[in-house]
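In what follows, a structure is listed as structure tokens, so that the remarks can point back to it.
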Amino acid sequence: MKISALSMQNKISPDDFTPLGSDFFGEESLNTEEVGYWKASWQRLKANKIAMFALVIIVVLMFFAFIGPMLSPYTYDQQVRGDEGMWPCLKHPFGTDRIGRDLLVRCMIGTRISMLVGIVSAVIVMIVGSIYGSISGLIGGKVDIAMMRLVDIVYSIPEILLIVVIKMIISEPLDTLINTVPAFYGLRRIGSGLIAIFLVYGCLYWVGMARIVRGQILQLKNLEYVTAANALGCSRGRMIREHLLPNCIGQLIATVMLQIPSAIFTEAFLSYIGIGVAAPMASLGSLTSEALNGINSNPYRVVFPAILISLIILSFNLFGDGLRDALDPKMKK
Amino acid sequence: MQLSRYIVKRILLAIVSIFAIVTITFFLMNLMPGDPFMSEKATEESRQKLIEKYGLDQPIYIQYEKYLKNLVKGDMGTSYVLQKGREVRTIIFESFSVSMKLGIRALILAVIAGITLGCIAGLTKDRLPDGLVRIFSSIGISMPSYVVAAILMIVLAVSLNILPLNYNKPGGWIMPMLTLATYPTCYLTRLTRASILEVMNQDYLRTERAKGMSEFVVVFVHALKNSLIPVITYLGPLTASILTGGFVAESVFSVPGLGRYFVSSISGRDYTMIMGITIFYSTLIVIMNLVCDILYKIVDPRISFE
């Protein structure tokens, strides 16, 4: 074919169309393995030194809280005669309180309560919030509007005040319930105080979660692959299980992780002002509040529970931040 | 047009919320086992008289109606236990003025310190000052307020003995103020830092640098102004956090404020006081959130209305 001298066209020869052969890119680039979402997230998390360090601290604190009390020669409510008001020593590494209870084992129990409250509340919030949010998002229309109005109202109520009120009210009936109705005997080991805190959390803190889940579902609903699945006759249950949930689970976990420190904060506040777990039981909040009364004579008693509660919240905060960055790199700032 | 519709919608929502709070607190209080005169060393007869006097024997919906009517007039009933016979309204006004004085000082400190530290960290990203600020703010948001109070007490009052533990002595307000301000300061620091980092990458700042503006003008006139917008949204939660922080700070340092009354009315089962303070605080927080949200929309027209 004759080409004009002024033509801007590229000069093409048949050689340009021969296959390159498999060795053209070299060994390196052809060997890249496909990395899945969870694996990639785990790699990102592993690279985050602060988050990994926080994870180690969380694991250590777990051992301290759940295994520790078994190894201690004392129990949390045992009053050791003659050991009242001791300074930290070999026999009692954290000292003892006014009536001779070992503070080390009481701190362990307190840590256990904080951990339990944080984790269980977060799970409750996740379950309630994601069910509510996904129903609202999937059904849409008037139901969605009505459900979201309710969320708006609950969201604008300052929860800490209502928590105080609700906690005060349900404690006593709950106590009689688990002590008189045989079906609830199993709950006695947890104690009415803790159950009340969980209930309060289930009632009030789910709204943030519900909003996030609904937002995610609305976003995903409009994506092509969901339309495609719909066109192929995918049932609603299968749609949620196989297509929607796996795609927003990362953000859900990240949000739930950041819910844990806030739950621990609330429990610490409640037990500090004296409406947390019931009396012989120890909580880091109530230990600090007892210790603050004698701060002039025994300042050391404040130190351990105060450090522990801050350490728990700090490590959950740092780990939660790291997890959020790893699971949802788009949100990273 | 859109803005005014948004404002009307938000105000209606706020009214519904306040009504919901009043209703929930009222019925919850009535579900509470026992009555406020149980602990009194009085005969059955005089207890009955007290119950009749306060109308506690009437059906609950009549009591509710009465409470609502009185509330609209600003009457919250009288305290049963703590300061017997005094009006809840008067107690709230008296003690809230103490809390407010402390709260406003803490708020000003938190805003100034938080924004300053956040700017320092944001402008020295990944260098030493940034690292230090980040470490301290991470620790700061992880400490419950009673831990902060304990540290301040041990360091400033017990060991160094430079500040008094008692609120009424000169300088006694400093420690409660620091306790209240710690969490919001650290939170604001993190917020400002993130916001500055985001703004610094914007095209319009590059344009300004290219036009030859001094770095000072670029940062302090143009970047800062826009990066402070998200801070407005935090002012509502900030008020809430200072108010609830007051529960602990005021009881620890025995400040005669509303927060301490709330804690002691809980332990004293003073129903009308608890109800009055809950409604008062909740309304305050709802209104603060409302004002902040509307302000936010006015300052930044890019925010969508849905």
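The values are calculated or read from the model by the stated rules, or taken from the named source; none is laboratory data. As the structure is a prediction and not an experimental result, all values here were calculated from the model. Every residue, glycine among them, receives a Cβ derived from its backbone with ideal geometry; neighbour counts consider all protein chains shown. To get the accessible areas, we keep the full protein, side chains included, count just its heavy atoms, and leave off ligands, DNA and RNA. Shrake-Rupley method; radii C 1.70, N 1.55, O 1.52, S 1.80 Å.
Which residues, taken from the range A:113-124, are hydrophobic (A, V, I, L, M, F, W, C), under 14 Å from A:F265 (Cβ atoms) and either touching a helix residue (DSSP H, G or I) at 6+ places or on another chain (Cβ under 6 Å) or not in a helix (DSSP H, G or I) (or both)? Answer for the range A:113-124, where residues must be hydrophobic (A, V, I, L, M, F, W, C), under 14 Å from A:F265 (Cβ atoms) and either touching a helix residue (DSSP H, G or I) at 6+ places or on another chain (Cβ under 6 Å) or not in a helix (DSSP H, G or I) (or both): A:M115, A:V117, A:A122. For A:M239, the conditions (1) open to solvent by less than 30 Å² (accessible area, probe 1.4 Å); (2) within 14 Å of chain B (Cβ to nearest Cβ) all hold with the exception of (2). Scanning the range B:102-126 for residues that are over 15 Å from B:G245 (Cα atoms) and buried (at least 18 other Cβ atoms within 10 Å of the Cβ) gives B:V111, B:G114, B:I115, B:L117, B:G118, B:C119, B:A121, B:G122, B:L123. Note on the range A:144-168: residues that are open to solvent by 30 Å² or more (accessible area, probe 1.4 Å), more than 9 Å from chain B (Cβ to nearest Cβ) and in contact with a Ser or Thr (Cβ under 7 Å, 6 or more places away or on another chain) amount to 1. Could you say whether any residue in the range A:303-315 is more than 14 Å from chain B (Cβ to nearest Cβ) and of a type outside the set (S, T, Y)? No, every residue in the range A:303-315 fails to be more than 14 Å from chain B (Cβ to nearest Cβ) and of a type outside the set (S, T, Y). Here B:T185, B:T207, B:T192 are screened, and the one residue that is open to solvent by 30 Å² or more (accessible area, probe 1.4 Å), β-branched (V, I, T) and assigned to a helix (DSSP H, G or I) is B:T207. Of all positions in the range B:137-149, none carries a residue that is open to solvent by 30 Å² or more (accessible area, probe 1.4 Å) and away from chain A (no Cβ under 14 Å). Scanning the range A:217-237 for residues being within 16 Å of A:I135 (Cβ to Cβ), out of contact with any Gly (no Cβ under 8 Å at 6 or more places or on another chain) and charged (D, E, K, R) gives a total of 1.
Apart from one condition, B:S254 fits all of (1) more than 11 Å from chain A (Cβ to nearest Cβ); (2) over 24 Å from B:V81 (Cα atoms); (3) surrounded by fewer than 23 Cβ atoms within 10 Å (Cβ to Cβ); (4) more than 13 Å from the chain's Cα centre (by Cα); the exception is (2).
Within the range B:12-31, restricting attention to residues that are within 18 Å of A:V200 (Cβ to Cβ) and among the hydroxyl-bearing types (S, T, Y), the residue that is nearest to the other protein chains (Cβ to nearest Cβ) is B:T25. Quick check: is even one residue across the range B:201-216 in contact (Cβ under 8 Å) with a residue 40 or more places away in the chain and not hydroxyl-bearing (S, T, Y)? Looking through the range B:201-216, none of the residues is in contact (Cβ under 8 Å) with a residue 40 or more places away in the chain and not hydroxyl-bearing (S, T, Y).
Rundown of residues vs (1) away from every other protein chain (no Cβ under 14 Å); (2) without any contact (Cβ under 8 Å) to a residue 12 or more places away in the chain; (3) open to solvent by 20 Å² or more (accessible area, probe 1.4 Å); (4) among the basic types (K, R), yes/no style:
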site	(1), (2), (3), (4)
A:Q216	yes, no, yes, no
A:L244	yes, no, no, no
A:P261	no, no, no, no
A:E290	no, no, yes, no
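When restricted to residues that are at the interface with chain A (Cβ under 9 Å from one of its Cβ atoms) and either buried (at least 22 other Cβ atoms within 10 Å of the Cβ) or in contact with a strand residue (DSSP E or B) (Cβ under 7 Å, 6 or more places away or on another chain) (or both), the range B:264-278 contains 4.
For the range B:150-165, a tally of residues being within 12 Å of another protein chain (Cβ to nearest Cβ), open to solvent by 20 Å² or more (accessible area, probe 1.4 Å) and either β-branched (V, I, T) or in contact (Cβ under 8 Å) with a residue 40 or more places away in the chain (or both) returns 5.
Take the conditions (1) within 14 Å of chain A (Cβ to nearest Cβ); (2) open to solvent by less than 20 Å² (accessible area, probe 1.4 Å); (3) without any contact (Cβ under 8 Å) to a residue 60 or more places away in the chain; (4) farther than 25 Å from B:L107 by Cα; B:Y281 misses just one of them, which is (4).
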